[in-house]
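Below: the structure, in structure tokens.
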Amino acid sequence: VEARQLRVQQRALRRRGHTVVIDAFDARARRTADLDDVSVVVRGPYRIDPVGPGVSLQWIISHPDDLTRGELAQFDRVFAASERWSARTRERWGIDVQPLLEATDTDLFHPRGVDRTDEIVFVGTARGIARPSVVVPLRAGLPVRVYGPDWRPFIPHSAIAAQTIAHAELPRRYESASIVLNDQWPAMRRQGFIAMRPFDVVAVGGRVISEDVDGIEEIFGGAVIAYRDERHLLELLEADPDEIFPDRVRLGQIAERVRAEHSFDARAAILDEAARSARSARSARTGR
């Protein structure tokens, strides 16, 4: 789990009046955990079991194929960043998993009135694979400006705009792009886990062409168009973006809704209520 995501969630919970500390993976068994009223495990690639006697919440944001019923059953409340996976898991394992999607940092990601360019942009690492959202357009001769490491085995050097981009620069880069490309880890796409990138891009009024993920077009109301296959991806990229996406006024309205409904503050409100509910349920059981 990215440290920046945890810091944004920390700020959101603090705005609700909580004292919040972040434990890195190596500190997951911190000796002072007994002092915590609530622990929130943001579950990425590695398992973290509840620690201490306080209320325990789990928020699953990736690697759903690695999870077991036994892991989830340890927590007072479980959330997952997928509507589909949450529903299937409730049915399959009988655990009340509730959907809690990824979110955007509204302190950073908001429109700035930046002029739109004609650039197609991708931000992210190669992950050791030829990611189709990037490789297919470049092979077809379409220009893509790629920001991220480890791309040299897969794409021409001329397509790499930079090995990295400062996080603070992302809002302007996304807003100024004609199109931002998005794809997912295969397991996440199959299970309906939408990455954070579309939330950030749409929050600034940007436009996204993405691999198809369950629910992605409905959530973003026209600001994200999903492609079915490689041919469809190229057809979308060769079209006039102003013809296939909403106009700038409508994109601004979508951005405003996404910032309201899919902010980390909105997620913090749900986690806060879940912790209070779980604590009340414990008190009712134990009489304490």
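The values are calculated or read from the model by the stated rules, or taken from the named source; none is laboratory data. The model shown is predicted, which means the values in this text are computed figures rather than measured ones. As a convention, Cβ positions derive from the backbone with ideal geometry for all residues, glycine included, and neighbour counts pool all protein chains shown. Heavy atoms of the whole protein, side chains included, go into the accessibility calculation; ligands, DNA and RNA do not. Shrake-Rupley method; radii C 1.70, N 1.55, O 1.52, S 1.80 Å.
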Exercise. When residues of segment 89-123 are filtered for being free of Cβ contacts under 8 Å to residues at least 40 places away in the same chain and under 21 Å from Asp183 (Cα atoms), how many remain?
Worked result: 1
For this session: Tell me which of these Pro50 doesn't satisfy, since it passes every other one: (1) closer than 19 Å to Arg30 by Cβ; (2) of a type outside the set (Phe, Trp, Tyr); (3) touching a residue at least 24 places away in the same chain (Cβ under 8 Å); (4) surrounded by fewer than 17 Cβ atoms within 10 Å (Cβ to Cβ).
Result: (4)
For this session: State whether one or more residues within segment 226-234 are in a loop (DSSP other than H, G, I, E, B), of a type outside the set (A, V, I, L, M, F, W, C) and buried (at least 24 other Cβ atoms within 10 Å of the Cβ).
Result: no
Problem set entry | Residues satisfying the stated conditions in segment 189-218, i.e. touching a residue at least 60 places away in the same chain (Cβ under 8 Å), open to solvent by 30 Å² or more (accessible area, probe 1.4 Å) and in a helix (DSSP H, G or I) | Arg197
Seminar exercise, completed: Just one listed residue, out of Arg14, Arg4, is more than 20 Å from the chain's Cα centre (by Cα), more than 18 Å from Ala278 (Cβ to Cβ) and of a type in the set (D, E, K, R), and it is Arg14
For this session: Check Ser86 against each of (1) surrounded by fewer than 21 Cβ atoms within 10 Å (Cβ to Cβ); (2) without any contact (Cβ under 8 Å) to a residue 40 or more places away in the chain; (3) of a type in the set (S, T, N, Q) and name the one condition it does not meet.
Result: (1)
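Of the residues that sit in segment 55-73 and are of a type outside the set (A, V, I, L, M, F, W, C) and over 20 Å from Asp26 (Cα atoms), which one is surrounded by the most Cβ atoms within 10 Å (Cβ to Cβ)?
Start the filter on segment 55-73 by keeping residues that are of a type outside the set (A, V, I, L, M, F, W, C), which leaves 56, 58, 62-66, 68-71.
Within this subset, residues satisfying the condition of being over 20 Å from Asp26 (Cα atoms) are 64-65, 68-70.
Numbers: Pro64: 23, Asp65: 11, Thr68: 9, Arg69: 11, Gly70: 9.
Looking at residues that are of a type outside the set (A, V, I, L, M, F, W, C) and over 20 Å from Asp26 (Cα atoms), I get Pro64.
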Exercise. Conditions: (1) touching a residue at least 12 places away in the same chain (Cβ under 8 Å); (2) outside any strand (DSSP E or B); (3) in contact with a Leu (Cβ under 9 Å, 6 or more places away or on another chain); (4) not basic (Lys, Arg). Pro45 meets all but one. Number of the miss?
Worked result: (3)
Exercise. Counting only residues that are surrounded by fewer than 23 Cβ atoms within 10 Å (Cβ to Cβ), part of a helix (DSSP H, G or I) and either in contact with a strand residue (DSSP E or B) (Cβ under 7 Å, 6 or more places away or on another chain) or of a type in the set (Ser, Thr, Tyr) (or both), how many does segment 174-188 have?
Worked result: 1
Exercise. Mind checking whether some residue in segment 133-143 is part of a loop (DSSP other than H, G, I, E, B), at pLDDT 95 or above and within 24 Å of Arg172 (Cα to Cα)?
Worked result: yes
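Let's see how each residue does on (1) small (Gly, Ala, Ser); (2) open to solvent by 60 Å² or more (accessible area, probe 1.4 Å):
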position	(1), (2)
Ser133	yes, no
Pro137	no, no
Phe154	no, yes
Ala168	yes, yes
For this session: Assess whether Ala195 counts as being out of contact with any Cys (no Cβ under 8 Å at 6 or more places or on another chain), at negative phi, modelled with pLDDT of 95 or more and of a type outside the set (Ser, Thr, Tyr).
Result: no
Problem set entry | Unique match (being touching a strand residue (DSSP E or B) at 6+ places or on another chain (Cβ under 7 Å) and crowded, with 21+ Cβ neighbours inside 10 Å) among Ala103, Ala159 | Ala103
Seminar exercise, completed: For segment 5-21 the number of residues that are open to solvent by 60 Å² or more (accessible area, probe 1.4 Å), touching a residue at least 60 places away in the same chain (Cβ under 8 Å) and more than 17 Å from Asp36 (Cα to Cα) is 2
For this session: Would you mind finding the one in Ser86, Ser133, Ser158 that is of a type in the set (S, T, N, Q) and under 23 Å from Val202 (Cα atoms)?
Result: Ser133
